[in-house]
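Accompanying notes for the structure given below.
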Amino acid sequence: MKKNKTASKRILCAIVAFAAAASYIWPSGADRALLISAESTTQGDVNGDGSVTAADLVSFINYTLGREEGISTANADMNGDGRVNIIDCILLINSLSGQQEPEPPAADEKKTITLSDEGISITGTGAASEGSVVTITEPGEYSVTGKLSDGQIIVNVDKTLYPAGKVELSLEGVDITSLDNSPLYIASVDDECVITVKKGTENVITDGAQYTNADGDSGAVYSKDDLKFKGKGKLTVNGNCADGIVGKDSVKIFNGSITVNAADDGVRGKDSVKIGDADDTDFSSLVLDIKTGTGDGIKATNDTDEGKGKVIINGGTVNVRAFGDGIHAYSDVEVKGGTIDIFTYKGSSYQGGSTSAMPSDLSAKGIKSDGTINISGGRIIADTSDDAVHGASAVSVTGGVLELKTGDDGIHSDTDVTIGSGTADTYDDVFIYIPECYEGVEGNNVTQNSGTCIVYSTDDGYNAAGGADGSGMTGPGGWRPGGWGSQTSGGAYAINLNGGFVYVSTADGDHDGFDSNGALNIAGAIAVSNGNEAFDSDGSKSFTAGTFIELKGRSGGMGGGMGGAALTASFSASINAAAGDRITVSDSQGNVIVSFAAGKAATSCKVGCKTVSSGKVNVGGTVTGGTALPVTGDSQQVYTGGTVSGGTDGTAGSSSGSRW
């Protein structure tokens, strides 16, 4: 017989009463779980005296509290799960009070639910229908087929009766619409509700335009407990009221071809949203397509519990077309693999303006975290109105490929940005290509240890500005890139170029290739700057290892940096390079240091290199025998090493006293 809330309270009171009688306090999370030996059992005869009485309950409690060891653990394992814990104690109380525990359904029992507007057919135990509503009250696997024009499936399993109970819904050609409720509503299940989208089937779940469900919320697929999607079939979720898929705990999408169309948020989990099983190696059957009307694509909302509120992507193909943020975590974002394609609001072409100003409260970032962002693998393609990658705390990119087009910053952190974790001459662990942006990479401190990064910006390429991001929407004025008001000069900020290759090309005018409001340190990287001020700092400068290259165009400018000491370049040359021309820098023996494509016209080139004292600059030549850097999306390849032939050598110029 199913227990009601009053019975459950009596059970808990009995436990507390027994513990109090024994003068003990029940410890938080007490669980004296252990593996049970294989022996014949009389369930409930904990003290082994041949009968089941209240004395067995006292022995059980004393054992759980650590006072008594000599009990029959096999007899204490009331639910036969191989462990002894508080759940077994509750079941023993049920037995002593005369409440009978329902027999668990047979493992091989076939449970089917056939939906129809003319009548719902159910085989097996655990589910019942009333009108057009099916309610599932027992754990098990249910095969679901058919169509409901205005109906609902509710999962409501008593967690006390069925501890560790799991419900699996195998969708095998389902079309469910509910006009005034969540078509699929998981009210209660102790373990999780698994939605399996069977291979070769197409399934649709659609809600109405206006309603409030039993939880005071809405969502076409709505779960108050853990929710998991798997399978190799197709599922379309239409959230016409607000959100598409909602989980009040965690949402896991591990397999299937799933399309979510939502009026507001696409996939919203409270504790976490996980895309792809971390234990899988093949994600070819996981495709998630999300389109939102006014909200975010993927969102994790828990901002109060430590370690929760995360979005984790392990693999699969994720396509997001969002009015707001593509991915937004109130805690952290982790990208470990997969292909993620994000478009927000009106894309990178949107720069605001009087005709179509962005709503003042709208955030339209690609990947946004109120905590940290850690990208260690995968491929991210973003075309965003606001920052492509934005972290309120540290942003770390140690692996993967990022192709970012944005109306504002490519990568922004309110604290620190770190690129690469390899040695100085490691160029292939990370690749970042930012062909359109306001500023390329921005944070209090920007550190590149390895990898390859290419930036084309309308303002600064790399910027260590200090302070929180001030870019984006500023009320009625609409879009305001760059956030001048938040920058602070001369603070404890730094750009540290420790390794890898970085090329930045900025728009003509007062825009810097590398701009630090504090220190600027080159300590092993190959850094190329085609900006008005190539390497600018308001604090100290240091050059201890690596190579820096400063390109200048016909428009002139204020020179190579307003702050810091004047440093002498190794050599310089007058050149005549147009945008797209190959520029190759070699030492005096003709060995290529680096070869790259010019982002815009250049008439002079200054080179500082800690390993050579003289060399040449070639325009338009061909490199042979070099190592190609892992450039994707750029018009010409970048090389280190090898030799150059053809083209035109620049005219040697004076290198003394040049500023950078």
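Residue-by-condition table, conditions (1) aliphatic (A, V, I, L, M); (2) closer than 19 Å to residue 401 by Cα:
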{"residue": "288", "(1), (2)": "yes, no"}
{"residue": "293", "(1), (2)": "no, no"}
{"residue": "296", "(1), (2)": "no, no"}
{"residue": "318", "(1), (2)": "yes, yes"}
{"residue": "333", "(1), (2)": "yes, yes"}
{"residue": "336", "(1), (2)": "no, yes"}
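Here is a check on your reading of the model: is residue 212 crowded, with 17+ Cβ neighbours inside 10 Å and of a type in the set (Ser, Thr, Tyr)? No.
Let's see how each residue does on (1) surrounded by 13 or more Cβ atoms within 10 Å (Cβ to Cβ); (2) modelled with pLDDT under 80:
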position: 6; (1), (2): no, yes
position: 14; (1), (2): yes, yes
position: 19; (1), (2): yes, yes
position: 33; (1), (2): yes, yes
position: 37; (1), (2): no, yes
position: 53; (1), (2): yes, no
position: 58; (1), (2): yes, no
position: 64; (1), (2): yes, yes
position: 76; (1), (2): yes, no
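Looking at 472, 491, which one is surrounded by fewer than 22 Cβ atoms within 10 Å (Cβ to Cβ) and at pLDDT below 85? Checking each option against the conditions leaves just 491. Per the conditions (1) touching a strand residue (DSSP E or B) at 6+ places or on another chain (Cβ under 7 Å); (2) at pLDDT below 95; (3) outside any loop (DSSP other than H, G, I, E, B), the sole criterion not satisfied by residue 527 is (2). Segment 331-437 holds strands (runs of 3 or more DSSP E) entirely within its bounds, and those carrying 1 or more residues that are in contact with a Gly (Cβ under 9 Å, 6 or more places away or on another chain) and open to solvent by 10 Å² or more (accessible area, probe 1.4 Å) map to 339-344, 367-369, 373-384, 389-391, 395-406, 416-419, 430-436. Summed over segment 239-270, residues that are outside any strand (DSSP E or B) and β-branched (Val, Ile, Thr) total 0. Take the conditions touching a residue at least 12 places away in the same chain (Cβ under 8 Å), touching a strand residue (DSSP E or B) at 6+ places or on another chain (Cβ under 6 Å), closer than 24 Å to residue 174 by Cβ and among the aromatic types (Phe, Trp, Tyr) and apply them to residue 323. Does it pass? When the stated conditions are applied, residue 323 does not pass them.
Pairs meeting the criteria (first residue in segment 239-259 and closer than 19 Å to residue 204 by Cβ, second residue open to solvent by 30 Å² or more (accessible area, probe 1.4 Å) and hydroxyl-bearing (Ser, Thr, Tyr), beta carbons under 6 Å, at least 6 apart or on different chains) are 255/285; 259/236. Only residues that are open to solvent by 50 Å² or more (accessible area, probe 1.4 Å), assigned to a loop (DSSP other than H, G, I, E, B) and either within 19 Å of residue 243 (Cβ to Cβ) or charged (D, E, K, R) (or both): list them for segment 295-328, please. Once the filter is applied, which keeps residues that are open to solvent by 50 Å² or more (accessible area, probe 1.4 Å), assigned to a loop (DSSP other than H, G, I, E, B) and either within 19 Å of residue 243 (Cβ to Cβ) or charged (D, E, K, R) (or both), segment 295-328 yields 303, 305, 306, 308, 323.
The values are calculated or read from the model by the stated rules, or taken from the named source; none is laboratory data. Quantities reported herein were computed from a predicted structural model and do not represent experimental measurements. Glycine also receives a Cβ, built like all others from the backbone with ideal geometry; neighbour counts cover every protein chain displayed. Protein only, heavy atoms only, side chains kept; ligands, DNA and RNA dropped before computing areas. Shrake-Rupley method; radii C 1.70, N 1.55, O 1.52, S 1.80 Å.
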